[in-house]
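Report on one structure; see the data block that follows.
The values are calculated or read from the model by the stated rules, or taken from the named source; none is laboratory data. Quick caveat: nothing in here was measured; it's all calculated off a predicted structure. No Cβ is skipped: glycine too gets one built from the backbone with ideal geometry, and neighbour counts run over all protein chains shown.
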Amino acid sequence: MKKMLLVLVALIFLASVSWGQEAKKPFGAVSFGLGGAIIAPIGVGVEFFLGRVGLGAELRFLFAAFSGVLGGFIEPGAAVRFYFAPIESSLFLMGGVSYVTGFAVGSGGAGTAPIGLLKPKVAIGYNVLFGKNSRIRFAAELGAVYIWPVVQGDLVNVSNLFPVLPHALIMFGYAF
């Protein structure tokens, strides 16, 4: 009986030591984004943390159906975020680019629009990880986006229009 008690105490001790260790730092995050674009305001993204730099990719979209025709906008993009402190709670700078285009699918066929918008963007934001083992992510960023029209693969000169719009994005997600 004493041996069994010693084994039980040893197992409890080893388990408490392993559970008490600090959680590993996350190396990436998957996020659901709201905002960030007027045309395609809903999106999903992934970001990989390389020290204080985050490399991210996102896909924003907006779909609607009317009279048997499904149409919408798709906006793939990429971003680099520089974190000023450890990512668990840090201010960051973001630079990125995305491209938005429209599409339609209906009884007459399917196709994409021959025009789109190239959108370079910059922002400042704040990222925080919380919850059990700091795995729940919340981030918000605010900045500016330049709207550059693309017609059949060629950039259109809009230097006299000053097409700069605000950029505001809120992200919720899970760090892994």
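With the checklist (1) at pLDDT 95 or above; (2) outside any strand (DSSP E or B) in hand, flag the one item Val80 doesn't pass.
(2)
For Leu118, indicate whether it is under 22 Å from Gly45 (Cβ atoms), part of a strand (DSSP E or B), of a type outside the set (Phe, Trp, Tyr) and modelled with pLDDT under 95.
Here the answer is yes, as Leu118 does meet what is asked.
Would you pick out the residues in the stretch 127-163 that are touching a Phe, Trp or Tyr at 6+ places or on another chain (Cβ under 8 Å), more than 18 Å from Leu93 (Cα to Cα) and among the β-branched types (Val, Ile, Thr)?
Selection gives Ile136, Val150, Val156, Val158.
Are any residues in the stretch 124-139 on the phi < 0 side of the Ramachandran plot and either surrounded by fewer than 17 Cβ atoms within 10 Å (Cβ to Cβ) or β-branched (Val, Ile, Thr) (or both), and if so, which ones?
If the condition is that a residue be on the phi < 0 side of the Ramachandran plot and either surrounded by fewer than 17 Cβ atoms within 10 Å (Cβ to Cβ) or β-branched (Val, Ile, Thr) (or both), then Ile124, Tyr126, Val128, Phe130, Lys132, Arg135, Ile136, Phe138 are the ones that fit.
Residues of the stretch 144-173 being of a type in the set (Phe, Trp, Tyr) and either touching a Ser or Thr at 6+ places or on another chain (Cβ under 8 Å) or without any contact (Cβ under 8 Å) to a residue 24 or more places away in the chain (or both), which ones?
Result: Phe162, Phe172.
Quick one: in the stretch 156-171, of everything that is part of a strand (DSSP E or B) and surrounded by fewer than 14 Cβ atoms within 10 Å (Cβ to Cβ), which residue is nearest to the chain's Cα centre (by Cα)?
Looking at the filtered set, the residue picked out is Pro166.
For the structure I just gave you, tell me whether Asn133 is over 30 Å from Val156 (Cβ atoms) and not in a strand (DSSP E or B).
yes
Can you report the number of residues in the stretch 140-155 which are exposed (fewer than 13 other Cβ atoms within 10 Å of the Cβ) and either at pLDDT below 95 or among the basic types (Lys, Arg) (or both)?
Of the residues in the stretch 140-155, 5 are exposed (fewer than 13 other Cβ atoms within 10 Å of the Cβ) and either at pLDDT below 95 or among the basic types (Lys, Arg) (or both).
Yes/no per residue for (1) surrounded by 15 or more Cβ atoms within 10 Å (Cβ to Cβ); (2) at pLDDT 90 or above:
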| position | (1), (2) |
| --- | --- |
| Ile12 | no, no |
| Phe32 | no, yes |
| Ile42 | yes, yes |
| Leu50 | no, yes |
| Leu55 | no, yes |
| Ser67 | no, no |
| Leu70 | no, yes |
| Val100 | yes, yes |
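Restricting to the stretch 80-131, give me the number of residues that are within 25 Å of Val151 (Cβ to Cβ), β-branched (Val, Ile, Thr) and in contact (Cβ under 8 Å) with a residue 60 or more places away in the chain.
The number of residues fulfilling the criteria is 1.
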